[in-house]
Amino acid sequence: QVQPAESGGGVVQAGDSLTLSCSVSGGTFVGDDMVAWYRQAPGKEREVIGTITWDAGSRHYADSMRGRFTIYRNYHENRAWLHMNGLKPEEPTIYYCTIQRDAVVYWGKGTQVTVSS
């Protein structure tokens with residue numbers, strides 16, 4: 001059983017940066033995990049932001065997301081992170097962390113980010 005847990009969302013001003021974190025509730029990441037970040041605004045399609053492998057830290061970004069988002073992980077904190085730059089006003093968006101382990105993808109409940117004008 002794998003339960004991703006996101007944190008770090010909130011209300012920020014346009015142009016701000018924000019870092020979200022993802023941990024494994026009641027557990028830890030393991031070497032073969034792949035972590036992915038997604039975002040979804042109400043009524044809109046879910047978008048993949050990018051992925052990172054836990055062991056090697058190999059990153060893979062969606063082309064549309066490259067440049068504004070940085071994904072990384074920290075072994076000491078046992079967390080994966082999503083750093084966002086230059087946030088723009090838009091519908092409140094929920095950011096999700098997923099963990100793929102043994103060919104199964106587990107979803108967190110999400111953390112909401114709202115960017116004010």
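The values are calculated or read from the model by the stated rules, or taken from the named source; none is laboratory data. As the structure is a computational prediction, the values presented were derived from the model and not from experiment. Note that each Cβ is placed from the backbone with ideal geometry, even for glycine, and that neighbours are counted across all protein chains shown. These area figures cover heavy atoms from the full protein model, side chains too; ligands, DNA and RNA do not enter into them. Shrake-Rupley method; radii C 1.70, N 1.55, O 1.52, S 1.80 Å.
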Being surrounded by 18 or more Cβ atoms within 10 Å (Cβ to Cβ), over 18 Å from Gln3 (Cβ atoms) and among the β-branched types (Val, Ile, Thr) is the requirement here; does Thr98 meet it? no
Among (1) in contact (Cβ under 8 Å) with a residue 24 or more places away in the chain; (2) open to solvent by 40 Å² or more (accessible area, probe 1.4 Å), there is one condition Thr93 misses while meeting the rest; what is its number? (2)
Being in contact with a strand residue (DSSP E or B) (Cβ under 6 Å, 6 or more places away or on another chain), within 30 Å of Ser117 (Cβ to Cβ) and crowded, with 18+ Cβ neighbours inside 10 Å: is that true of Glu47 here? no
Subset of the stretch 71-90 that is without any contact (Cβ under 8 Å) to a residue 40 or more places away in the chain and open to solvent by less than 70 Å² (accessible area, probe 1.4 Å) - its residue that is farthest from the chain's Cα centre (by Cα): Asn74
Restricting the stretch 101-117 to residues that are assigned to a strand (DSSP E or B) and polar (S, T, N, Q), the residue that is surrounded by the fewest Cβ atoms within 10 Å (Cβ to Cβ): Ser116
Could you give me the residue pairs with C-beta distances under 7 Å whose first residue belongs to the stretch 7-24 and is at positive phi, whose second residue is loosely packed, with under 13 Cβ neighbours inside 10 Å and in a loop (DSSP other than H, G, I, E, B) wherever it lies, and which are 6+ apart or on separate chains? Gly15/Gly86
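Any idea which of Ser21, Ser25 is open to solvent by 50 Å² or more (accessible area, probe 1.4 Å), modelled with pLDDT of 95 or more and of a type in the set (Gly, Ala, Ser)?
Step by step, each of Ser21, Ser25 is checked, and only Ser25 is open to solvent by 50 Å² or more (accessible area, probe 1.4 Å), modelled with pLDDT of 95 or more and of a type in the set (Gly, Ala, Ser).
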Report whether or not Arg39 is open to solvent by 10 Å² or more (accessible area, probe 1.4 Å), touching an Asp or Glu at 6+ places or on another chain (Cβ under 7 Å) and within 15 Å of Leu18 (Cβ to Cβ). yes
